[in-house]
Amino acid sequence: MSIKPEATWAASPTTTRGQPTPLSSDSKGERIAYASNKSIFVRSIDDPAISIQYTAHTSQTTVARFSPSGFYIASGDVSGTVRVWDCVGEGATKGEYPIIAGRINDIAWDGDSQRIIAVGDGRERFGHCITADSGNTVGEISGHSSQINCVDVRKQRPLRAATGSDDTSLVFLHGAPFKFNTSVRGKHDKFILGTAFSPDGSTLVSVGSDRRIWLYDGKSGEPRSQIGEGEHRGSIFGVSWAKDSRRFVTASADQTVKIWDAEAGKCVQSWRMGEEGVVSIPDQQVGVTWPAGRSDGIVISVDLEGNLNYLKEGNDKPVKVVRGHQKAITATYYAPKDDTLWTGSYEGRVRAWDASSGQSQEIDGETHANYVSGLAFSEEEGRIYSIGWDDALRTINAEAKSFADASIKTKGQPKGLAACTSGSIGAQVFVASPGSITAYENGKEVASHPISFSPTGLAANNDLLAVGAEDRIIRIYNVSSKFSLIAELKDANSPTSALAFSGHSSSPQCLAAGLANGKIFV
């Protein structure tokens with residue numbers, strides 16, 4: 001029997017405080033692309049559970065941009081490499097090009113989907129222009145004295161490009177081949193973080209950490225006007241034009257996303273994320289895209305937590321929020337009764353996923369401060385239990401999807417968690433930590449068993465508790481008769497990393513042990 005992957009539920013975009021997170025949408029308005037850890041994800045806008053993952057980068061990825069044709073994506077990473085690949089077919093890599101000796105911050109395509117400009121934080125240079133199919137040089141990016149944060153290319157002829165930098169200047173380039181034309185100084189007095197040409201090529205906009213928005217002539221690069229003075233109260237991290245070339249949208253650290261009328265220079269719609277009047281760092285908006293080719297005019301922004309907010313004109317709040325994990329998933333539990341997959345991750349988040357739709361839900365209340373090391377379900381109580389490296393055991397109301405009660409302090413860093421929901425002892429939760437296995441009932445400690453080995457994982461069924469250890473031995477205890485040891489399994493050739501009994505029937509048939517070397521023993 002072969003196992004076939006049915007779906008990929010994408011990770012959230014990787015975000016960094018004080019840095020833009022580029023989002024890109026294709027020309028039809030069907031998909032978005034973004035960087036997450038060492039991968040690039042391409043997701044359907046209408047059904048975010050449909051996604052493809054590109055994994056050929058060997059370093060942390062930073063940016064992904066669709067070509068105007070929609071057939072290819074150019075993506076960059078922290079090593080200075082740009083990869084061009086097919087995003088419609090099998091995901092084959094078309095080319096791999098070293099651009100600079102440092103982080104790629106942004107990438108832009110020309111209107112013919114033939115040339116690419118990639119910019120970032122290099123040593124000898126801060127950007128380069130190449131052909132997408134062969135990597136041949138078609139111009140040089142110069143005129144800056146510090147790292148370049150953003151770039152865009154005019155899609156019409158004559159070709160123009162604009163780059164914004166930490167040196168506060170906007171450089172205008174003529175092409176192709178692209179070469180320096182003018183440098184606009186004195187308009188921004190802090191880092192320029194975003195720049196974009198309107199789809200008709202008539203206007204260029206730049207935004208930055210000085211909260212200013214400047215408009216320029218798209219053909220000559222001449223500054224036209226500054227708009228929106230005092231509207232944004234934090235750095236502006238992203239800008240994207242509507243398909244009509246009359247309006248654009250900005251995303252800012254002040255937790256707002258705003259739509260602007262370019263001609264009138266006025267804000268026509270504003271959304272603020274988070275609670276009213278409360279400053280919330282996770283709700284800082286660090287990237288935005290306004291997908292072309294759509295009739296519903298949806299705007300998608302990303303916040304510092306990596307959540308994708310779907311915004312619609314006329315609505316005060318997001319019409320949809322797509323959530324996920326930004327770092328490695330470290331614990332899972334599948335509850336077949338309501339077809340829900342529970343996941344915990346390295347950054348302390350717990351999510352509940354509807355297995356049929358792939359939609360994830362945030363768990364309300366105070367979560368773990370860091371690494372979630374175990375999840376277990378008590379069917380009788382309707383509760384999910386979680387442990388983390390903040391040395392806490394927490395309880396989640398499975399139906400309400402919220403953390404219940406206060407957390408319980410564990411006796412050390414918890415290494416394993418198991419819930420026993422039947423048998424002669426009732427509903428108990430077992431936590432393995434260095435030196436002991438502790439049983440809890442109704443939020444209180446009821447028993448503790450000292451151990452002389454380093455535990456790595458737990459599994460429980462009825463009165464049986466299986467304990468994995470660093471010494472490669474799996475010990476099975478009867479918990480109803482004072483933790484009596486009834487078996488030691490010594491076949492494993494590596495420490496146990498995961499344990500599970502088969503089914504929830506009254507008599508367990510098998511025990512599966514996942515090992516640190518990737519093998520599974522049954």
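The values are calculated or read from the model by the stated rules, or taken from the named source; none is laboratory data. What you see is a predicted model; the values in this text were computed from it and never measured. So basically every Cβ, Gly included, is an ideal-geometry build from the backbone, and we count neighbours across all protein chains shown. These area figures cover heavy atoms from the full protein model, side chains too; ligands, DNA and RNA do not enter into them. Shrake-Rupley method; radii C 1.70, N 1.55, O 1.52, S 1.80 Å.
The figures follow:
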item	result
Only one of S59, S44, S75 that is under 17 Å from the mean Cα position of the chain (by Cα), without any contact (Cβ under 8 Å) to a residue 24 or more places away in the chain and within 21 Å of R123 (Cα to Cα)	S59
Residue in the range 162-181 that is charged (D, E, K, R), in contact with a strand residue (DSSP E or B) (Cβ under 7 Å, 6 or more places away or on another chain) and open to solvent by less than 50 Å² (accessible area, probe 1.4 Å) present	yes
Pick from the range 211-266, criterion part of a loop (DSSP other than H, G, I, E, B), more than 21 Å from P291 (Cα to Cα) and among the aliphatic types (A, V, I, L, M), ranking: least open to solvent (accessible area, probe 1.4 Å)	A253
Subset of the range 130-149 that is part of a loop (DSSP other than H, G, I, E, B) and among the hydroxyl-bearing types (S, T, Y) - its residue that is nearest to the chain's Cα centre (by Cα)	S146
Condition broken by V82, with the remaining ones in (1) under 22 Å from F126 (Cα atoms); (2) assigned to a loop (DSSP other than H, G, I, E, B) satisfied	(2)
Residue match in the range 450-457 (condition: in a strand (DSSP E or B), within 30 Å of the chain's Cα centre (by Cα) and surrounded by 22 or more Cβ atoms within 10 Å (Cβ to Cβ))	yes
Selected residue [over 35 Å from the mean Cα position of the chain (by Cα) and under 22 Å from F501 (Cβ atoms)] from L375, L417, L464	L464
Residue tally, condition acidic (D, E) and surrounded by fewer than 19 Cβ atoms within 10 Å (Cβ to Cβ), over the range 100-120	1
All positions within the range 8-67 that are outside any strand (DSSP E or B) and hydrophobic (A, V, I, L, M, F, W, C)	W9, A10, A11, L23, I45, A49, I50, A56
In the range 348-365, the residues that are open to solvent by less than 30 Å² (accessible area, probe 1.4 Å) and either of a type in the set (S, T, Y) or out of contact with any strand residue (DSSP E or B) (no Cβ under 7 Å at 6 or more places or on another chain) (or both)	R349, G358, S360
The range 410-438 - residue that is part of a strand (DSSP E or B) and modelled with pLDDT under 90 and, of those, least open to solvent (accessible area, probe 1.4 Å)	C420
Filtered residue count, the range 184-202, keeping only those that are modelled with pLDDT of 95 or more, assigned to a strand (DSSP E or B) and either out of contact with any Asp or Glu (no Cβ under 7 Å at 6 or more places or on another chain) or surrounded by fewer than 21 Cβ atoms within 10 Å (Cβ to Cβ) (or both)	3
Answer residue from the range 10-24, given it is open to solvent by 10 Å² or more (accessible area, probe 1.4 Å) and within 8 Å of the chain's Cα centre (by Cα) and is nearest to S165 (Cα to Cα) among those	T15
Residue within the range 512-522 that is assigned to a strand (DSSP E or B) and in contact with a Pro (Cβ under 8 Å, 6 or more places away or on another chain) present	yes
Residue that is most open to solvent (accessible area, probe 1.4 Å), among those in the range 366-390 that are part of a loop (DSSP other than H, G, I, E, B) and free of Cβ contacts under 8 Å to residues at least 40 places away in the same chain	W389
Residue match in the range 234-248 (condition: more than 30 Å from G139 (Cα to Cα), among the small types (G, A, S) and in contact with a helix residue (DSSP H, G or I) (Cβ under 6 Å, 6 or more places away or on another chain))	no
Near pairs, Cβ below 9 angstrom, 6+ apart or cross-chain, from the range 314-341 (farther than 18 Å from N37 by Cα) to any residue that is open to solvent by 70 Å² or more (accessible area, probe 1.4 Å) and acidic (D, E)	A335/E379; K337/E379; D338/E399
